[in-house]
Amino acid sequence: MSLSTMILKMSVGLGRTCSIFFLTLLISLPLGLVVALLRRSKNKVISGFFRFIISILRGTPLMLQLLAVTYGPYYLFGFSVSRNKLIPVVIAFAINYAAYFAEIYRGGIESISNGQYEAAEVLGYSKFQTFIGIILPQVVKRILPSITNEIVTLVKDTSLAFTVSYQEMFTIGKQIANSQTSFMPFVVAGVFYYVFNAIVDFVMGKAEKSMDYYN
Amino acid sequence: MILEMNNISKNFGDLSVIKDISFNVDRGEVVSIIGPSGSGKSTLLRCATFLETISSGEIRYMDTVAAYTDPNGTVNYLTPNDLRKIKGYFGLVFQQFNLFPHYSVLRNLMDAPLKVQKRHKDEVEAECMELLRKMGLEAKANAYPCQLSGGQQQRVAIARALAMKPEVLFFDEPTSALDPELTGEVLKVIKQLAEEKMTMVVVTHEMSFARAVSDRVIFMDGGVIVEQGHPEEVFGNTMEERTRQFLSNYSR
Ligand SMILES: Nc1ncnc2c1ncn2[C@@H]1O[C@H](COP(=O)(O)OP(=O)(O)O)[C@@H](O)[C@H]1O
Ligand SMILES: [Mg+2]
């Protein structure tokens, strides 16, 4: 197989890799914020529950969670989440990343001084206005570097989808490598991931710069 | 009467910080509160501004009861919605300024009048620019708080509070976080407001300032008002031994 055919075949999988990546971010970034707020709930049952969930999601391998979401329902109830494996894959990724993002959000929220809340309260802002207009923008600025780290990891983690044979770029590359007994597909995959992350770094760098006007 | 606080007590757990204090503020009055650290000055202001809930007593603003103690001893506050209207009667200037760092100076002033009071943008902008002019900060309208000195930040904080058109302005040690050479510009602004008959309650350690601008000085210690009166009485003809001791630490 020529190198260009190899690249072409793997490029088809790259679309699926991007699907995992973008869908995961689209779901886990807002979900993480919601989980962070629930984790901070004054209700001990709610905050305890989410602390437990987060510890499970962070304390067990993502690979195991992928297998559990994809095949677990079949073994337990005799049906699969979906015939399209993208759905269980994205569910597993989104939940796992939401747990990590939740802890990042929580750290960011707790780093904002009480004075910001008090100033807003005396000025008469509602709790919602305070969070959305005053707290969250400052949190986002502070946590952006940590978020970038997680996103870079996510790019590489998409390759874990091979464990459930979802035909994304790395899975295809691995199959080509096996059938052609060639190491070349792994080199191609490496280049793909590297370029992908270079783009992530560039975009996130821009985002961080856009918030440089204050500290 | 703008503010009436009747028989206010405040406990933090077993610690009794405010002990049955009654305290009124009339329109146009400038009241200074002095006293040693830990005597409950900040807590009293925080109770007046609803940042702390009282343990017992009654708070009225402009003859509206905002909080009262029922015969069972339970403290009742107005609902958050009704309280929002009352919060429009006062402003608070913090020791640490607490400006919103991600907003420009002008936006710090305009945001609450627009979002909380739902006033018109053109009118608010004109008023806020006028306030900045008064503070000598019109050139900084588009700067961010981190680009300003402490004294400038505190003046912005005062302007932000004034932009809400409060009936009374509370200050909690407005110059304590400033380098000595910057306290003057902030005190000057407060003095100017006093001349315009702005109603103010100022917790301060600046004794000569308190003596010069106040209509009334309150000396607090151990959660009670030990002595109060015209500044010339409190400073010049001190009645209580505790006050005298405290003041002697400040005489140069
Ligand atoms: N949130 C709080 N929890 C427990 N104790 C507090 C709290 N706030 C203040 N105190 C205590 O109340 C007392 C009075 O504090 P404060 O009102 O800040 O005094 P001042 O402003 O006169 O220095 C102090 O002993 C302080 O430790
Ligand atoms: Mg204090």
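Pairs of Cα atoms nearer than 8 Å and 6+ residues apart set the relative contact order; for the stretch A:81-160 it is 33 percent. Treating r as the C-beta distance of B:GLN245 and B:ASN24 and R0 as 35 Å, the FRET efficiency rounds to 0.85. Counting only protein heavy atoms and using a 1.4 Å probe, the accessible area of B:VAL226 comes to about 30 Å².
Each distinct pair of alpha carbons in the protein assembly as shown adds a 1/r term; the inverse of their mean, the Kirkwood radius, is 26.4 Å. Stretching the chain fully between B:HIS230 and B:ARG107 yields a gain of 40.4 nm (0.36 nm per residue, less the alpha carbon separation). In a reduced charge model with +1 at each Lys and Arg Cβ and -1 at each Asp and Glu Cβ, chain B shows a dipole moment near 660 debye about its Cα centre. Positive-end ranking of B:GLN228, B:VAL186, B:VAL202 along the dipole of chain B, with charges on Cβ about the Cα centre, is headed by B:VAL186. A 1.4 Å probe over all protein chains sorts B:HIS102, B:HIS205 by accessible area into B:HIS205, B:HIS102, starting with the largest. Please find, in a Gaussian network model of chain B (springs between Cα atoms separated by less than 10 Å), the residue of B:LEU99, B:LEU78, B:LEU45 whose mean-square fluctuation is greatest. Result for chain B, Cα springs under 10 Å: B:LEU78 fluctuates most. Overall, the anisotropy analysis places the stretch B:1-129 in the prolate class: the square-rooted eigenvalues a ≥ b ≥ c of its C-alpha gyration tensor yield a/c not less than 1.5, with a/b exceeding b/c. For the stretch A:47-109, what is the convex hull (Cα atoms) projected area averaged across all directions, in square nanometres? Mean projected area of the Cα convex hull: 4.8 nm². Overall, the anisotropy analysis places the stretch B:144-214 in the oblate class: the square-rooted eigenvalues a ≥ b ≥ c of its C-alpha gyration tensor yield a/c not less than 1.5, with a/b not exceeding b/c. List the chymotrypsin sites (Phe, Trp or Tyr not before Pro) within the stretch A:1-102 that DSSP assigns to loop and that have no more than 12 neighbouring Cβ atoms inside 10 Å. Listed in order of number, the matching sites are A:PHE79.
Gyration tensor analysis over the Cα atoms of chain B returns equivalent ellipsoid semi-axes of 29, 24, 15 Å (largest first, whole Å). When nucleic acids and ligands are ignored and a 1.4 Å probe is applied, A:ARG51 ends up with an accessible area of around 130 Å².
Helices in chain A that qualify as membrane-span-like (whole DSSP H runs, Cα extent of at least 30 Å along the helix axis, mean Kyte-Doolittle hydropathy of 0.0 or higher) are A:3-39, A:86-110, A:184-210. The ellipsoid that matches the Cα gyration tensor of the stretch B:1-69 has semi-axes, each √(5λ) in whole angstrom, of 19, 16, 9, with the longest given first. With r defined as the distance between the Cβ atoms of A:ARG51 and A:SER80 and R0 fixed at 30 Å, what FRET efficiency is calculated, to the nearest 0.05? E(calc), rounded to 0.05, equals 0.45. Here the contact order of chain B, divided by its residue count and restricted to Cα pairs under 8 Å and six or more residues apart, works out to 25 percent. Once R0 is set to 60 Å, what does the formula 1/(1 + (r/R0)^6) return for the Cβ-Cβ distance between A:VAL187 and A:TYR213, expressed as a FRET efficiency to the nearest 0.05? E between A:VAL187 and A:TYR213, to the nearest 0.05, is 0.90. Dividing the summed -39500 (n - 2.57) terms of all DSSP H runs of n ≥ 4 by the residue count of chain B sets its mean residue ellipticity at 222 nm at -10500 deg cm²/dmol. According to the calculation over all Cα-Cα pairs in chain A, the P(r) per 10 Å bin from zero is 8, 27, 30, 21, 10, 4, 1, 0 %. Under the rule of -39500 (n - 2.57) per DSSP H run of 4 or more residues, summed and divided by the residues of chain A, what mean residue ellipticity at 222 nm is obtained, to the nearest 500 deg cm²/dmol? Helix contribution divided over all residues of chain A: -26500 deg cm²/dmol. Using a probe of 1.4 Å on the protein chains alone, the accessible area found for A:LEU3 is around 80 Å². Measuring nothing but how far apart in sequence close Cα pairs (under 8 Å, 6+ apart) lie, relative to its length, chain A scores a relative contact order of 28 percent.
Only lysine pairs 8 or more places apart, or on different chains, with alpha-carbon atoms under 21 angstrom apart are counted in chain A, and they number 11. Classification of the stretch B:173-213 by its C-alpha gyration tensor yields a prolate form. The axis ratio a/c (a ≥ b ≥ c) is 1.5 or more, and a/b outweighs b/c.
These residues, A:ILE172, A:ILE87, B:ILE218, go from largest to smallest accessible area, 1.4 Å probe, as A:ILE87, A:ILE172, B:ILE218.
For the pairs B:LYS41/B:LYS118; B:LYS87/B:LYS197; B:LYS85/B:LYS188, note any where the Cα-Cα span goes beyond 26 Å. Where the Cα-Cα span goes over 26 Å, the pairs concerned are B:LYS41/B:LYS118; B:LYS85/B:LYS188. Convex hull volume of the Cα atoms in the stretch A:39-143, per residue, in Å³? Per-residue hull volume (Cα only) is 139 Å³. Spin-label pair A:ASN178-A:SER146: with each label point 7 Å from Cα along the Cα-Cβ axis, the two points sit 3.9 nm from one another.
The values are calculated or read from the model by the stated rules, or taken from the named source; none is laboratory data. Since the model is a prediction, treat every value here as computed from it, not as a measurement. In this analysis, Cβ positions are derived from the backbone assuming ideal geometry, glycine residues included, and neighbour counts consider all displayed protein chains. Only protein heavy atoms, including side chains, enter the accessible area calculation; ligands, DNA and RNA are left aside. Shrake-Rupley method; radii C 1.70, N 1.55, O 1.52, S 1.80 Å.
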